[in-house]
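Notes follow once the structure below has been shown.
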Amino acid sequence: MYLGVDYYPEHWPAEMLEEDIQGIKELGANIVRIGEFAWHLMEPNEGVFDFSFFDHVISKLKERGLSVMFGTPTATFPAWLAKKHPAILSKDENGQTRVFGGRRQYCFNSDVYRRYSARITQKLVEHYRNETAIVAWQIDNEFGHEGSDMCYCEQCHVKFQQFLKNKYKTIEALNEAYGTIFWGQTYNDFSEIPLPKKTITTHNPSLQLDWARFRSHSVNSFAHEMTNIVRRYKGDHQLVTTNVSGGFFEKWFDHEENVKYMDVVSYDNYPVWGGLMEPIPPAAIAMAHDFNRGLLGKHYWIVEELMGAQGHNIIGYLPRPNQAKMWSYQAFAHGCTHMLYFRWRGMNRGAEQFCYGIVDHSNRRGRKYKEVQSFFADIAKYESLVQTDIQADIAVLYDYDNIWSWRFQPQSEGFDFTNELLRLYTPFYEWNAHMDVIPVTRDFSNYKVLLVPALQIIDEALGKRFEQFVAQGGTILFSFRTGLKDKQNNIHFKKVLPGYVNDIAGVEIHEVESLAAARRMKLIGEGAFAGKTSECSVWRDLLTPVTAEVLYRYGDEFYPEAAVTKNKYGKGTVYYIGCGIANAALRDIASEVLAAGGIWHIQSDEGVEVYKRGKGSEQYLFVMNHTGEIKRFQTIELQPYDSKIIKIS
Ligand code: GLA
Ligand code: ZN
């Protein structure tokens with residue numbers, strides 16, 4: 001098991017190296033991650049390559065038995081490169097060039113940038129291909145983060161037009177697909193197609209979705225090019241990875257595609273960052289782990305785990321004693337197998353002065369150091385446990401085309417895709433059931449339950465896959481706006497909603513209403529849910545049951561239509577959740593689904609997460625108290641932010 005820290009030896013006086021290595025050793029670490037922003041150190045002038053600094057560092061780390069993860073440095077290019085080739089710099093929506101000074105200001109479509117990136121990556125990897133201490137290569141750093149996946153420069157414009165030409169072949173085909181007859185936007189030639197920058201009102205939805213796909217192609221073709229270079233020049237003993245950042249559903253690139261040629265996924269886990277006054281909800285942290293595990297369908301690394309409060313110009317919440325440690329247990333519960341903390345020591349100069357590390361600027365070892373030390377000592381005992389497979393009967397499905405479609409047209413001021421995914425995920429999380437968060441294109445036939453949040457793009461083929469799944473006995477929970485659109489981002493014509501799933505859902509939708517963010521509408525239970533009430537926000541589909549039974553109805557004098565329905569189809573069941581329903585109501589539905597499917601789950605108090613792991617007769621529970629209060633789980637008392645690994649058989 002690799003346990004370690006992100007270390008930037010170039011930030012500190014050379015004479016501190018041995019002392020730092022000693023401190024890192026005493027922490028219980030066996031790996032450090034280095035190098036990912038050090039292009040200038042390796043190529044101080046064009047074509048002059050010098051790896052002597054890292055040769056020395058690596059030899060010292062190696063002497064003390066530490067392994068190394070090395071990052072290729074393309075997220076921060078040298079100033080000489082920007083000066084010589086200003087066209088490598090990306091542009092924002094207003095056409096403003098992102099000047100040298102921050103990071104990741106490069107345009108993924110700059111051929112010049114790709115040439116220089118390919119060269120430094122090759123030189124670096126070739127130089128260290130036989131270095132036994134280097135066990136993994138990290139490509140670039142947090143692709144697309146901080147808005148860097150968007151660029152509106154001239155290079156992107158030309159390549160976008162080319163991308164569309166490759167896709168549609170003729171301009172007539174594009175005109176037809178987009179419906180450019182609307183507002184007289186018909187194009188005579190691909191060279192007339194604009195970048196969807198700001199304009200009066202809004203762009204064509206098909207154009208916008210293609211633009212998002214083009215952004216994804218831009219990021220991923222760069223990532224694939226760099227990955228191929230690393231694969232070609234690396235040693236056989238070296239793995240290839242990249243670090244996925246948080247906010248992955250807000251990115252303009254498909255993450256599964258991004259990592260597809262990597263050996264392993266790595267994730268940067270920051271449950272609280274910047275000015276947040278409190279951490280994101282425990283379910284959201286858990287979902288991020290399940291998402292990362294889902295990218296390659298296997299265990300993953302965390303290469304940046306938070307310990308001190310962090311942010312650039314604004315910082316917020318300081319994790320309470322043992323809270324960051326508890327997040328580390330949670331990560332291992334959900335399938336992380338190797339972990340590195342960001343960062344060894346906070347830097348007193350440069351843009352990240354307020355990214356506190358395990359050690360602070362004072363260079364004293366304090367609470368955080370002891371917390372990490374005790375965590376490493378404990379988790380190391382569970383090496384074989386954390387390697388066991390995670391079996392989930394429930395899959396949560398997402399699709400980047402669908403996410404982007406929503407992003408351009410949220411339809412409700414209260415709509416946020418991540419929130420809608422969490423709306424379905426959270427009640428099952430609260431029952432401590434295992435879930436995989438996976439792309440909709442993945443084979444889902446072996447799951448028992450599918451949670452399908454706000455999937456407005458469903459074509460005929462996908463509709464058939466859902467139909468077969470249910471016919472064979474599966475259960476699906478759809479939420480609102482399901483099946484509205486085709487892959488062109490156009491609304492299905494001559495189709496009653498929910499489009500290609502209306503048979504299996506057993507409902508028809510003839511009218512809808514946006515409830516924005518603040519509007520609440522009452523829900524009244526019926527049948528098995530009689531006597532219950534709830535409420536909804538964000539959106540409501542007015543459901544007309546055809547074969548479905550009604551579970552909740554809108555408490556509205558004009559449109560008291562069904563809000564939540566349940567339908568039997570073939571051997572399976574489909575729930576249609578037509579609105580942004582409150583959590584408590586979904587908890588009941590989750591409990592019914594879990595019981596009907598015979599899916600493992602366990603009761604725990606609010607704020608206490610339980611995750612079952614093990615193999616055969618050796619079963620354990622990871623128990624995490626996400627609250628600042630004393631809690632109980634069965635007979636066990638949990639201190640604030642306590643974590644325990646309990647053997648149950
Ligand atoms: C990200 C980056 C790091 C650093 C941290 C700060 O995750 O990968 O380089 O900026 O955030 O918290
Ligand atoms: Zn560009």
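The values are calculated or read from the model by the stated rules, or taken from the named source; none is laboratory data. Here the structure is a predicted model, which is why all the values come from computation and not from measurement. Cβ: placed from backbone, ideal geometry, glycine included. Neighbour counts: every protein chain shown. These area figures cover heavy atoms from the full protein model, side chains too; ligands, DNA and RNA do not enter into them. Shrake-Rupley method; radii C 1.70, N 1.55, O 1.52, S 1.80 Å.
A few points about this structure:
- Summing charges over neighbours of Glu18, with a neighbour being any other residue whose Cβ is under 10 Å away from its Cβ, gives -2 when K and R count +1 and D and E count -1.
- Cut-off 13 Å (backbone N to label point 7 Å along Cα→Cβ of Ser362), residues of segment 7-38: none
- In the assembled protein chains, Val135 presents an accessible area of approximately 20 Å² (probe radius 1.4 Å).
- Kirkwood hydrodynamic radius over Cα pairs of the chain, then Stokes diffusion coefficient at 20 °C and 1.002 mPa s, in µm²/s: 81
- In this rough spin-label picture, where each label sits 7 Å from Cα along the Cβ direction, the Tyr261-Glu557 distance is 6.5 nm.
- The alpha-carbon of Lys169 sits under 17 angstrom from the alpha-carbons of these aspartates and glutamates, leaving out residues fewer than 8 places away in its chain: Asp189, Glu192, Asp210.
- Packing-based order for 207-214, 508-515, 378-385, using average beta carbon neighbours within 10 Å, highest first: 207-214, 508-515, 378-385
- Put a dot 7 Å past the Cα of Glu18, heading toward its Cβ, do the same for Arg349, and the two dots end up 2.4 nm apart.
- Solvent-accessible surface (1.4 Å probe) assigned to Asp642 amounts to roughly 30 Å².
- Of the cross-linked pairs Lys368/Lys631; Lys571/Lys647; Lys298/Lys325, those separated by over 28 Å at the C-alpha level are Lys571/Lys647.
- About the centre of its Cα atoms, segment 396-597 shows a dipole size close to 220 debye [charges on the beta carbon of Lys, Arg (+1) and Asp, Glu (-1) only; nearest 20 debye].
- Residue-span extension gain [Thr544 to Asn419] - 0.36 nm each, minus C-alpha spacing: 42.4 nm
- Surface share of carbon and sulfur [accessible, 1.4 angstrom probe, percent] for segment 467-605: 49
- For Glu172, solvent-accessible area (1.4 Å; no DNA, RNA or ligand), Å²: 120
- Over segment 294-421, Cα pairs under 8 Å with separation of 6+ residues give a relative contact order of 24 percent.
- A simple rule links phi to the HN-Hα coupling: the Karplus curve 6.51 cos²θ - 1.76 cosθ + 1.60 with θ = phi - 60°, which for segment 88-103 gives 6, 6, 7, 10, 7, 4, 8, x, 6, 6, 7, 6, 4, x, x, 8 Hz, with x for Gly and Pro.
- Residues of segment 313-382: accessible area per residue with a 1.4 Å probe, Å²: 40
- Only lysines eight or more places from Lys84 in sequence, or on another chain, were considered; those with a Cα closer than 24 Å are Lys123, Lys159.
- With both residues required to sit in the chain, DSSP beta bridges show an antiparallel share near 50%.
- Apolar share of the accessible surface for segment 1-133: 50 percent from carbon plus sulfur atoms, 1.4 Å probe.
- Net charge of neighbours whose Cβ lies under 9 Å from the Cβ of Glu606, counting Lys and Arg as +1 and Asp and Glu as -1: -1
- Per-residue Karplus couplings for segment 574-581, computed as 6.51 cos²θ - 1.76 cosθ + 1.60 with θ equal to phi - 60°, are listed in order as 10, 9, 10, 9, x, 8, x, 6 Hz, Gly and Pro entered as x.
- Take every Cα pair under 8 Å whose residues are at least 6 apart in sequence, average their separation, divide by the length of the chain, and the relative contact order is 10 percent.
- The stretch between Lys298 and Glu460, if pulled fully straight at 0.36 nm per residue, gains 55.3 nm over its current Cα-Cα span.
- A Förster radius of 41 Å combined with the Cβ-Cβ distance from Lys123 to Lys169 puts the calculated FRET efficiency at roughly 0.55.
- Lys532-Trp183 pseudo-label distance in nm [points 7 Å out on the Cα-to-Cβ vector]: 4.3
- Helical runs (DSSP H, four residues minimum) scored at -39500 (n - 2.57) apiece and divided by the length of the chain put the mean residue ellipticity at 222 nm at -9500 deg cm²/dmol.
- Accessible area in square angstrom per residue, segment 396-597, 1.4 angstrom probe: 38
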